[in-house]
Amino acid sequence: MRILVTGGAGFIGSHLTDRLMEEGNEVICLDNFYTGRKQNLYKWLNHPSFEIIRHDITEPIRLEVDQIYHLACPASPVHYQYNPIKTVKTNVMGTMNMLGLAKRVQARFLLASTSEVYGDPEIHPQTEDYRGNVNPIGIRSCYDEGKRVAETLAFDYYRENKVDIRVARIFNTYGPRMLENDGRVVSNFVVQALQGIPLTVYGEGKQTRSFCYVSDLVDGLIKLMNGEYIGPVNLGNPDEYTILELAQAVQNLINPSAEINFQPLPADDPRRRRPDISKAKTLLNWQPTISLPEGLKLTVDDFRERVKVTKS
């Protein structure tokens, strides 16, 4: 198959590209390299079935493909809040451009949406029929509301133009190739512990998250794309940890004597986040297989090679 991956040089996109290439597909990667890195795809650069195009999806592009995995959009608060208007444009105009392409060439289209569409949820765990609790004028809304509009567009293209869509709501994902400076909690803790500086925990660390290892997520995306269910479908690991528990797990792996530094909570930071993955289990026969201790060890090994380690 000829497959387009937008954001293909990014953290999740590059792992997805690896899997699609290993399965013998032709892959075109589209990336503007805002948070993507060419080194994530080095091993494919001279492969005859692989192509990489530097392109910003807020501008249209014409390609012939069978499937489109639409992942392009900065996904960490540090990056999406840096230029919030650009983030909205990427989610709205970029998604419209990719849906337009899918319509023209009759490609199947998968939208990488997010658990952020649930905002700071008032029900727990979150099921796909929960409509969310999002602040439309907060500092996170460029991403949260952007992704909500992207879902709206996908379903409107499906209803109006018969575009064959799939919608994945992705919960916290971690693993090798996360950016060291992306401000997400796993990378923050790992980098801080490796550098011998205190681990920053916001609030009392009682807020919870669920952490899905990247290879599990890629399995889910591929199963969703090639299944018959349109979505939305939650993809994430239902094991729930407090942020303090995560900090302690990283501490124990890297530097048991590392200190923990408590800071005030940022605005609109969700208190609890855990996916109900009943749909993914039933419809896709998918559930995560890699535990947090196992995944963290693989992630730390990758970061050790990239981060300058400070001997404490």
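The values are calculated or read from the model by the stated rules, or taken from the named source; none is laboratory data. None of the values given here were measured: they were computed from a predicted structure. We place every Cβ from the backbone using ideal geometry, glycine too, and count neighbours over all the protein chains shown. What goes into the accessible areas is simple: the full protein's heavy atoms, side chains included, and nothing from ligands, DNA or RNA. Shrake-Rupley method; radii C 1.70, N 1.55, O 1.52, S 1.80 Å.
Does GLY175 satisfy being among the small types (Gly, Ala, Ser) and either open to solvent by 20 Å² or more (accessible area, probe 1.4 Å) or within 27 Å of ASP129 (Cβ to Cβ) (or both)?
No: the conditions fail for GLY175.
Go through the range 110-148 and give me each residue that's surrounded by fewer than 19 Cβ atoms within 10 Å (Cβ to Cβ) and without any contact (Cβ under 8 Å) to a residue 60 or more places away in the chain.
Answer for the range 110-148, where residues must be surrounded by fewer than 19 Cβ atoms within 10 Å (Cβ to Cβ) and without any contact (Cβ under 8 Å) to a residue 60 or more places away in the chain: GLU122, ILE123, ASP129, TYR130, ARG131, GLY132, ASN133, PRO136, ILE137.
Report, by residue number, each residue of the range 186-228 that is open to solvent by 40 Å² or more (accessible area, probe 1.4 Å) and of a type in the set (Lys, Arg).
LYS206, LYS223
Looking only at the range 40-82, how many residues end up being polar (S, T, N, Q), open to solvent by 50 Å² or more (accessible area, probe 1.4 Å) and in contact (Cβ under 8 Å) with a residue 60 or more places away in the chain?
Narrowing the range 40-82 to residues polar (S, T, N, Q): 40, 46, 49, 58, 67, 76, 81.
Cutting the leftovers down to open to solvent by 50 Å² or more (accessible area, probe 1.4 Å) gives us 46, 81.
Pick out the ones that are also in contact (Cβ under 8 Å) with a residue 60 or more places away in the chain and you get 81.
Counting residues in the range 40-82 that are polar (S, T, N, Q), open to solvent by 50 Å² or more (accessible area, probe 1.4 Å) and in contact (Cβ under 8 Å) with a residue 60 or more places away in the chain gives 1.
Sort out which residues of the range 19-48 are assigned to a loop (DSSP other than H, G, I, E, B), of a type in the set (S, T, N, Q) and within 21 Å of the chain's Cα centre (by Cα), and write them in order of number.
Scanning the range 19-48 gives ASN32, THR35.
Checking the structure you have, find out if any residue of the range 253-270 is within 19 Å of the chain's Cα centre (by Cα), farther than 30 Å from PHE109 by Cβ and not small (Gly, Ala, Ser).
Scanning the range 253-270, I find at least one residue that is within 19 Å of the chain's Cα centre (by Cα), farther than 30 Å from PHE109 by Cβ and not small (Gly, Ala, Ser), so the answer is yes.
Considering only residues of the range 229-252 that are under 21 Å from the mean Cα position of the chain (by Cα) and charged (D, E, K, R), which is surrounded by the fewest Cβ atoms within 10 Å (Cβ to Cβ)?
Looking at residues that are under 21 Å from the mean Cα position of the chain (by Cα) and charged (D, E, K, R), I get ASP239.
Quick check on my filter: what residues within the range 274-288 are assigned to a loop (DSSP other than H, G, I, E, B) and in contact with a helix residue (DSSP H, G or I) (Cβ under 8 Å, 6 or more places away or on another chain)?
Result: ASN285, TRP286, GLN287, PRO288.
Criterion first (at pLDDT below 95, over 27 Å from ASN285 (Cβ atoms) and among the acidic types (Asp, Glu)) does GLU160 satisfy it?
no
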